[in-house]
Each structure stands twice: as C-alpha cells, then as structure tokens.
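To keep things clear, I will list the structure first and then write my remarks on it.
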Amino acid sequence: MPRLKEEDVNEVRRSLESLDLRLSDLIGTDLRGLAFRTAGSRPALAGISAAVVPVTSGKGTISGFSDSVSAVLSHLGMDSLVTAATDVDGFSEAVSSGSDLIFMADDRRFLAYNVSAGAYSDNVDCTARGYVEALECAEGSLGGRTVLLLGAGRVGRVAAEFMGSKGAFVQVADIDISKAEALGGLHRFVTVRQDMERAISETRLIFNASTAEVPADLVREDAIISTPGERFSTADAPVTVRAIHDPLAIGTAVMAVTSAVLGRDSR
Ligand code: 2YH
C-alpha cells in the first residue's frame, strides 16, 4: 500500500461523522457496524484502552497520522491516546500505562497489538476484509456474484480470498499480468482478465486494490466500487455510481475490533 498522505490523514478526524452518514447510506451500517460485521463479533468497546505510538523509522512520522488513528478509535467508543514517546520508548510507555491495544505503523506495516492476547491484527488484512464486507453490504450478498478485482498485490490477494469465501467469482486484472496469473493459479474461483478496460465497462461490482484510480468514464451506471486504494474520481462517472472509500478509518476500525477480540476464545 502506498504511504498515506498528510492531507488525506488530516481530513480523517473532521470527516468521521460524515463517513458514518455516507456508509449508512451506501451500505446500511456505520463505521462501527461495518467493523463488527467484518470481525464477526460485537465486543463492548467502552473501557478498552488503546494507545497509538508514533514511529519515526524509515520515512518518519506523518503529521496527523497518530492523532487521526486515535480519533477513529475514540469515535468507535474506545479510550484512546497518543503516547508522548515514539518508537520502542512509546511502546514501553503504552504497556506500562496499562493499554489493552497498541497501534503502530512504519512504512510497510500497521499493526494493532493486543497486549494480553500477545497477538495483533494487521492493516492490510483488515482493510481488505473491511472493504469486501462493505461491498457485500452494498450488494446484499456476494454469493454467486462476479467481482472485478483490480490489483493483485497484498490487499488484492487477501480480498480475493475473502470474496471467494463468500461465494463470489473473482476476475482479476493487474498491469503486471504475472501477479494476476499467480493469484489465478491459487484459487479456482479466480480468473484472469487481460482486457482491463473492457472488464471495467462490463462488470458491475469492482474492488479496486490497485494504486491507480478506476477510469471513471468506463464504469457502468449501476456500478458499485469498493476502493481502499485510490480515491475514486466521481467527476466523470455516471452520478448513480456508488463508491466506498476513505483513506484510513475503515481499515483502522476493522483492526481495532479484530484486535479487541483476539484471544477471547482461549480465555
Ligand atoms: O502509510 C503507511 C504504510 N503505507 C503502511 C500501511 C500499511 N497498510 N504507514 C504509516 C506510517 C506512519 C508513521 N510511521 C507515523 O506517523 O507513525
């Protein structure tokens, strides 16, 4: 997944209320409801304490990233804070202050560590699952439906598997055809499309796990597009197209609920 941009991140906190309204309209449930559905569980979130640790390694902190993650967690009803210290020192601060969940991200991974379970949820996995669940909510069911998956990278591979588990037929297109073919070789429910533009114009349900925008002029009027990757430009698309997108909140909310229920069965 590409590194988040500062301007996207800073919008997150301001737009949580409107995201809830948009999701309710598009998929019939708000952010918390989507996270519960994706995790398959409805844990009590009040009383769970979460800490977000800024990470300076690699390309460094993204201004507003930790605050925005924390705002999403508070919005879900958790007690949330950003640690004063960064990196390992911040992790130590989070553990010693009794946090239940610890969120931290470098340039490659974004995890939510459940301290008592000794296990974590991962942003790639949770983002893929959350956006598949959102697509299913918008459609009613993915059973027997054909979904065009754009991008066979880390998110795309998890999304394909989750869509297959819901009974969908997945058609995958990637500008790197070898990636699409590798995914097609893994699952019987995945077929490869080489004609990406034609596939977009033919398919009603689209999951965009690529880093490119879906060409808006190609999409069908009745399309539903679930797009964790890139914001979908609606400017040239038919006004009836339904697009599910946000830069951070859906993945983070699914991570939070998934992490909160880790280890529960074994207790
Ligand atoms: O945006 C990212 C990476 N693309 C990983 C996302 C995984 N899906 N990381 C955020 C980096 C945050 C930074 N280290 C900070 O502010 O703490």
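Residue under question is Ile48, and the condition is that it be farther than 29 Å from Ala152 by Cα, surrounded by 20 or more Cβ atoms within 10 Å (Cβ to Cβ) and more than 16 Å from the ligand (Cβ to nearest atom); does it hold?
Working: farther than 29 Å from Ala152 by Cα: yes; surrounded by 20 or more Cβ atoms within 10 Å (Cβ to Cβ): yes; more than 16 Å from the ligand (Cβ to nearest atom): yes.
So Ile48 passes the test.
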Practice item. For residues that are touching a residue at least 40 places away in the same chain (Cβ under 8 Å) and among the hydroxyl-bearing types (Ser, Thr, Tyr), scanning just segment 218-264, find the one that is surrounded by the most Cβ atoms within 10 Å (Cβ to Cβ). Key: Ser226
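Could you say whether any residue in segment 205-217 is more than 22 Å from Ser141 (Cα to Cα), surrounded by 18 or more Cβ atoms within 10 Å (Cβ to Cβ) and not small (Gly, Ala, Ser)?
The initial filter retains those residues of segment 205-217 that are more than 22 Å from Ser141 (Cα to Cα), namely 210-217.
Subsequent filtering for residues that are surrounded by 18 or more Cβ atoms within 10 Å (Cβ to Cβ) retains 210, 214, 216.
Add one more test, that the residue is not small (Gly, Ala, Ser), and what stays is 214.
Within segment 205-217, one or more residues are more than 22 Å from Ser141 (Cα to Cα), surrounded by 18 or more Cβ atoms within 10 Å (Cβ to Cβ) and not small (Gly, Ala, Ser).
Let me confirm something: among Arg13, Arg42, Arg32, which residue is part of a helix (DSSP H, G or I), surrounded by 13 or more Cβ atoms within 10 Å (Cβ to Cβ) and away from the ligand (no atom under 16 Å from the Cβ)? Steps first, answer last, please.
Numbers: Arg13 fails: away from the ligand (no atom under 16 Å from the Cβ); Arg42 fails: part of a helix (DSSP H, G or I).
Answer to the selection: Arg32.
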Point to revise | helices (runs of 4 or more DSSP H) (entirely within segment 55-159) containing at least 3 residues that are more than 30 Å from Gly184 (Cβ to Cβ) and more than 14 Å from the ligand (Cβ to nearest atom) | key: 65-76, 87-96
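Each value in this text was obtained by applying a stated rule to the coordinates, not by laboratory testing. As the structure is a computational prediction, the values presented were derived from the model and not from experiment. When we count neighbours, we look across all protein chains shown, and the Cβ atoms used for this are built from the backbone with ideal geometry, even at glycine.
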